[in-house]
1. With the checklist (1) within 15 Å of ILE148 (Cβ to Cβ); (2) in contact (Cβ under 8 Å) with a residue 40 or more places away in the chain in hand, flag the one item VAL73 doesn't pass.
2. Hey, could you check segment 164-176 for residues that are in contact (Cβ under 8 Å) with a residue 12 or more places away in the chain and closer than 19 Å to GLY217 by Cβ and say which is nearest to the chain's Cα centre (by Cα)?
3. So is ALA203 free of Cβ contacts under 8 Å to residues at least 40 places away in the same chain and more than 30 Å from ARG97 (Cβ to Cβ) or not?
4. Check whether at least one residue in segment 5-23 is in contact with a Gly (Cβ under 9 Å, 6 or more places away or on another chain) and of a type in the set (D, E, K, R), and report yes or no.
5. For ARG136, state whether it is touching a strand residue (DSSP E or B) at 6+ places or on another chain (Cβ under 6 Å) and of a type in the set (Lys, Arg).
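Here, each number is a calculation from the coordinates, and none is a lab measurement. Keep in mind that this is a model prediction, so the values were computed, not measured. Note that each Cβ is placed from the backbone with ideal geometry, even for glycine, and that neighbours are counted across all protein chains shown.
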Amino acid sequence: MSPLDNIRIVLVNSIYGGNVGSACRAMMNMGLSQLVLVDPRPGMDMEEAAAMACHAGDILQNRKVFATTAEAVADCGLVAGTSNRGGLYRDHSKTPREWAPRLLQAALDTPVALLFGSEDNGLSLDDLALCTQFIRIPSSENYKSLNIAMSVMVCAYELFVASGTFEPPQERSLECPSAMREAMFAKWRKALLDIGFMTNDTADHMMLGIRRILSRGTLTEKDVQILLGMASQTQWAANQLPKKP
């Protein structure tokens, strides 16, 4: 089981269905599935939540609802609360990136909760008293407060990246061999001479520059095949021009 499966997102006293739905979408993007609502405000628009959840409707449908935060996290080994306010114990906050490895390690053995407060008041002191970790998302001094769904996305992203779940695509084409690369440079030398881009006197110098440009990154077999095709087409176009008398 992935540690992400053991992490629950707890939204406390939420007001807007759109934020809840958007949080569901962020969770699904980042491999999280456990949503808990604590004492949601009466009249919260669940149709709006479903619309904003988009393809993450299952997360919204499978949500759990508790009357108190204490009940929602009773079985959790670690409870991380998000807050952008300063003061006393909250000055020991760390960023989501700093806490992610610790939370994931704990989630291998025990449920872990991430708490997000209401849109108007954030987490209460009673909620924060239940927390074993405090999370502060870095933000501009001009406007520190983040939307709830945005906060969920930032924290979920850091957990997802730290989990090592994502594997970036690998280059499928091999680095081209020297002989193929030299054949390509020879082809371009001839093409550039044919179109008058350089003369025999300047060709050696210009080709060194072109080699330097094309050697700054990986040059794969597919890359060279494309460049060979471009050189061939350039030569063909040059040969269609009327010959100078």
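1. (1)
2. Top of the filtered list is GLU171.
3. In short, yes.
4. Looking for residues that are in contact with a Gly (Cβ under 9 Å, 6 or more places away or on another chain) and of a type in the set (D, E, K, R), one finds at least one in segment 5-23, hence yes.
5. The answer is no for ARG136.
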